[in-house]
Every structure is written in structure tokens, then in C-alpha cells.
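Novice: Mind having a look at this structure? Questions to follow.
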Amino acid sequence: QVQLVESGGGLVQAGGSLRLSCAASGNIFSINAMGWYRQAPGKERELVANIPTGGRTNYGDSVKGRFLISRDNAKNTVYLQMNSLKPEDTGVYYCNARIQIVARGATYNYWGQGTQVTVSS
């Protein structure tokens, strides 16, 4: 059993900052990538940022230069520092991790429960 637990969402004024955290726990052999997606009302879920193990970070075009993703591999935790927030950043932010639970086994996609981020104008 694998769990992703998110924290750090909330309400902030435009121009402000928030930091999201997501910790993976459970039966984990290795984590191939961790990242964040978001979903605004009436819109599809979209990539915010991800960070593969040993690879380059990827950002959605709308957050480049404002958001920073990082990982603490020892803690199986991913962070998202969000700066210069805009009302259009409002949505539910979901943590995502691609996890291998046994050696030489398949990699599975796991999701957190989501955390609400609301940016007021």
C-alpha cells in the first residue's frame, strides 16, 4: 500500500506565495518521478511540474519562472514553491508519483487526495 499525503494549500492574495509538500509512504522500492498537477473548475487536469529521479525538471508553460519544484529523496517528499501567484493558479493541486513497489516490477502511477489553492485578486 502506497500513500501520498499533501499539505500546504490555502487562500492567498495575488502576488503571494505558498509552498506545497507531498510525502510518499508505504511499500516503496523506488520512486521514478514525483510531481504536481492541478485542476481548475471546468478544466482538465494539467501538469504543473515534475521532477524525475536523476532527470531534468519539467514545468507547465504557465508557471515557468514563478514555481520551483524540488525533492528530498531521503524523505520521499516533493515540494512545490509557488511565487507570484495569480488568480488563474486557483485549483486543486494533486501530487503524483511513479513508484516501483518491488525490484524489477512494474511502475505504477499514484495520486494524492488533492489540496485546494485559492488565489484572490
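Novice: For segment 87-102, which residues satisfy the criterion of being farther than 12 Å from LEU4 by Cα and surrounded by 15 or more Cβ atoms within 10 Å (Cβ to Cβ)? Spell out the reasoning first.
Specialist: So the first thing to find is which residues in segment 87-102 are farther than 12 Å from LEU4 by Cα, and the list is 87-93, 100-102.
Selection gives ASP89, THR90, GLY91, VAL92, TYR93, GLN100, ILE101.
Novice: Starting from segment 93-104, keep only residues that are part of a loop (DSSP other than H, G, I, E, B), then list their pairs with residues that are of a type in the set (A, V, I, L, M, F, W, C) whose Cβ atoms are within a distance under 8 Å, requiring at least 6 positions of separation or different chains.
Specialist: If the second residue must be of a type in the set (A, V, I, L, M, F, W, C), the pairs left are ILE101/VAL2; ILE101/ILE28; ILE101/PHE29; VAL102/PHE29; ALA103/PHE29.
Novice: For residues that are part of a strand (DSSP E or B) and not aliphatic (A, V, I, L, M), scanning just segment 53-75, find the one that is least open to solvent (accessible area, probe 1.4 Å).
Specialist: Let us first name the residues in segment 53-75 that are part of a strand (DSSP E or B), namely 58-59, 67-72.
Checking the rest, the ones that are also not aliphatic (A, V, I, L, M) come to 58-59, 67, 70-72.
Values: ASN58: 70, TYR59: 54, PHE67: 11, SER70: 45, ARG71: 53, ASP72: 45 Å².
So the residue we want is PHE67.
Novice: For segment 77-86, enumerate the residues that are outside any strand (DSSP E or B) and open to solvent by 10 Å² or more (accessible area, probe 1.4 Å). Write out each step before concluding.
Specialist: Just the residues of segment 77-86 that are outside any strand (DSSP E or B), to begin with: 83-86.
Residues satisfying the conditions are ASN83, SER84, LYS86.
Novice: Among residues belonging to segment 8-23 that are in contact (Cβ under 8 Å) with a residue 60 or more places away in the chain and touching a Lys or Arg at 6+ places or on another chain (Cβ under 9 Å), point out the one that is least open to solvent (accessible area, probe 1.4 Å).
Specialist: Narrowing segment 8-23 to residues in contact (Cβ under 8 Å) with a residue 60 or more places away in the chain: 8-20, 22.
Of the ones still in play, those that are also touching a Lys or Arg at 6+ places or on another chain (Cβ under 9 Å) are 8, 14-15.
On the way: GLY8: 34, ALA14: 54, GLY15: 56 Å².
Among those residues, the one meeting the criterion is GLY8.
Novice: Ok, one more. Yes or no: segment 42-52 includes at least one residue that is open to solvent by less than 50 Å² (accessible area, probe 1.4 Å) and not in a strand (DSSP E or B). Give the steps one after another, and end with the answer.
Specialist: To start, the set of residues in segment 42-52 that are open to solvent by less than 50 Å² (accessible area, probe 1.4 Å) comprises 48-52.
Applying the additional criterion that residues be not in a strand (DSSP E or B) yields none.
No.
The values are calculated or read from the model by the stated rules, or taken from the named source; none is laboratory data. Remember, predicted model here, so these are calculated numbers, not experimental data. When we count neighbours, we look across all protein chains shown, and the Cβ atoms used for this are built from the backbone with ideal geometry, even at glycine. For accessibility, only protein heavy atoms count, side chains too; no ligands or nucleic acids. Shrake-Rupley method; radii C 1.70, N 1.55, O 1.52, S 1.80 Å.
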